[in-house]
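Please treat every number below as a calculation from the coordinates, not as lab data. Model, not experiment: these values are computed from the prediction. A quick note on method: Cβ atoms are made from the backbone with ideal geometry, for glycine too, and the neighbour counts reach across all protein chains shown.
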Amino acid sequence: MTTHGNNYIINILGASLLDRHPRTSGPAQTSDRTAPASALRSIRISSSGVFVIPFTADAVRVSAHYCDDPDVRDWVLCWGSPECALCAISHKAEQRLLLPVLDCEQGEVAVLAMSSSMRPKALAPQVFQAIAEANKRGPQIISITKPDQTSFSVSSWPIPPGVDDGRTAIDKFVQDRDQGLVKLDQIYLTLPNETLRALPQVARKLTLRGLA
């Protein structure tokens, strides 16, 4: 299978925030090198909000399509034009930024998927600004809410005493990532072009364009 060539790292701040600002107290840190890697999941943001702890500013940029075919209805990684069947029907790919964060409520590393838009109230610029503040002041909890369909609200504060900063889960994620056991873009589907071309909506549009 062809590999996706559009993945690359954008490093906004560099080193781990938890490494720069180690906590002086908290749960003992352990490392389980024998546990199997878990599949990463994407964080879902709603009006009720989510709480995350960012531990890095390294985000992976990918090109992906939201495929609304009834058999899929999910994000699908782009194969790149002209190979990609979705590109062939003028289904524009979006640039997505995938940032690993600690999901405070679940106590595990998950992926915060963001549009690359830098418009006012877009998610990415607010999150990276919060990370910049954490880079200066120490690890922060970030609250993210989505009050409507087009905007996000982000606020942050220092991790309160007694709250687990997630170092054990973060260390496990970093270990698995470095060993190639997990990749941020695994939250999106990777469908062969043959599968995409066979989807009813895609097949119909390819036929209308004389590309079937």
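Details
- Length gained on full extension, GLN95 to GLU194, computed as 0.36 nm times the residue gap minus the Cα-Cα distance: 33.3 nm.
- The range 142-183 residues near the modelled SER47 label - backbone nitrogen below 17 Å, point 7 Å along Cα→Cβ: 144-154
- The range 101-141 shape via C-alpha gyration tensor axes, a/c threshold 1.5: oblate
- Over 27 Å (Cα to Cα) - which of LYS136/LYS172; LYS183/LYS205; LYS92/LYS121 fall in this group: LYS183/LYS205
- FRET efficiency, 1/(1 + (r/R0)^6) with R0 41 Å, evaluated for ARG209 and GLN175 via beta carbons: 0.30
- Cβ-based exposure ranking for TYR66, TYR188, in which fewest neighbours within 10 Å come first: TYR66, TYR188
- By the count of other C-beta atoms within 10 Å, a proxy for reagent exposure, ARG96, ARG177, ARG44 are ordered fewest to most as ARG44, ARG177, ARG96.
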